[in-house]
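Presented below is the structure to which this report refers.
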Amino acid sequence: AKRGLRGTFYLISGKLDRWEDWKKVAASGQEIGNHTVTHRHVAELKPEDEKNEVVAAKAKLQDGLGVPVLTLAYPFVEISPGLRKWVEAENFAARGGGGNGYLTPDMDPDWYNLPSQIAMSNYTFDTYKGWVDQALTDKAWTVLMIHAIEGSNWYQPIPKETYLKFLDYLVQNKAKLWIAPFGEVSAYWRAQKILEKVEPRVEGKKILLHWDRLNIFPKGVKLQVRALEAGMGVFQEGKALKPISADTYLISFDAKELTLIQQSPKEPAN
């Protein structure tokens, strides 16, 4: 918070006690995510447990903290068909582990098993710096899974000095990076992918685009789109949008529609 950074805290609802503190964390702009009720291995779960671990945990977190909980992190990054069924029903994205830790714009990812890179106690600052530098080189998204900081008895705590040095490195590169909660990046990218797959309909000088918005999805997602042809007017909900740069517009994903109109060049002023 001192560095102006935001991330995601995946909470185990059945082991949570400092509710008032977590309310402040949520109110400060950090994302709260679901890490199930008990954090058990999937082999220990019966079908009814799989539902409860996802649905009951989400309900308790939302009721107790007063914020929407729309993403989940799998305990031990273990996934079963039954668990995934409920994750898909209650979330729009989920954090997994393993796989390619660098997601590039050309990929079409599995939104319910997005890969992450696991921080370990014996990793030095150079390891995390390398992850960031690789993401910059590849123009990719990478997700860091951090379980604990020095002083905690949770899994693989990171030395505090290493952690703070890593945060400072993020701040130093803030102009080149998008550092945001897991759900925020997932929502932007998933909305972008939905828009990219829309088949436009042409009516005279108009190009019409319509898309569906997922039932469980963050509100207020804004996408940057580029008008590739000069002289195009960009409209949403009947209102002309002003460009935020020469040919780039900020559109509302919630609107579920976009209209482009080829406009005639204006007559020169007398």
Could you tell me whether Trp22 is of a type in the set (Phe, Trp, Tyr), open to solvent by 40 Å² or more (accessible area, probe 1.4 Å), within 24 Å of Gln156 (Cβ to Cβ) and without any contact (Cβ under 8 Å) to a residue 60 or more places away in the chain? yes
Only one of these is closer than 19 Å to Phe182 by Cβ and either part of a loop (DSSP other than H, G, I, E, B) or touching a residue at least 60 places away in the same chain (Cβ under 8 Å) (or both): Ile32, Ile79. Name it. Ile79
Only residues that are surrounded by 10 or more Cβ atoms within 10 Å (Cβ to Cβ), within 20 Å of Lys205 (Cβ to Cβ) and either touching a His at 6+ places or on another chain (Cβ under 6 Å) or at pLDDT below 95 (or both): list them for region 242-270, please. Pro243, Asp247, Glu257, Leu260, Ile261, Gln262, Gln263
Only one of these conditions is not met by Val69: (1) surrounded by 21 or more Cβ atoms within 10 Å (Cβ to Cβ); (2) among the β-branched types (Val, Ile, Thr); (3) under 16 Å from Ile79 (Cβ atoms). Which number is it? (3)
Give region 222-239 a look and list any residue that's touching a strand residue (DSSP E or B) at 6+ places or on another chain (Cβ under 8 Å) and open to solvent by less than 100 Å² (accessible area, probe 1.4 Å), or say none. Leu223, Val225, Ala227, Gly231, Met232, Gly233, Val234, Phe235, Gln236
Name, by its number, the condition in (1) over 26 Å from Leu195 (Cβ atoms); (2) touching a residue at least 12 places away in the same chain (Cβ under 8 Å); (3) part of a helix (DSSP H, G or I); (4) open to solvent by 40 Å² or more (accessible area, probe 1.4 Å) that does not hold for Asp63. (2)
So if I check each of Lys46, Lys129, which one is basic (Lys, Arg) and surrounded by 14 or more Cβ atoms within 10 Å (Cβ to Cβ)? Lys129
Going through (1) closer than 23 Å to Trp131 by Cβ; (2) surrounded by 14 or more Cβ atoms within 10 Å (Cβ to Cβ) one by one, Glu53 fails only at (1)
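The values are calculated or read from the model by the stated rules, or taken from the named source; none is laboratory data. Nothing here was measured: the structure is a model prediction, and the numbers come from that model. Every residue, glycine as well, gets a Cβ built from its backbone with ideal geometry; the counts of neighbours run over all protein chains shown. Ligands, DNA and RNA are stripped out before the accessible areas are found, and what is left, the full protein with its side chains, is counted by its heavy atoms. Shrake-Rupley method; radii C 1.70, N 1.55, O 1.52, S 1.80 Å.
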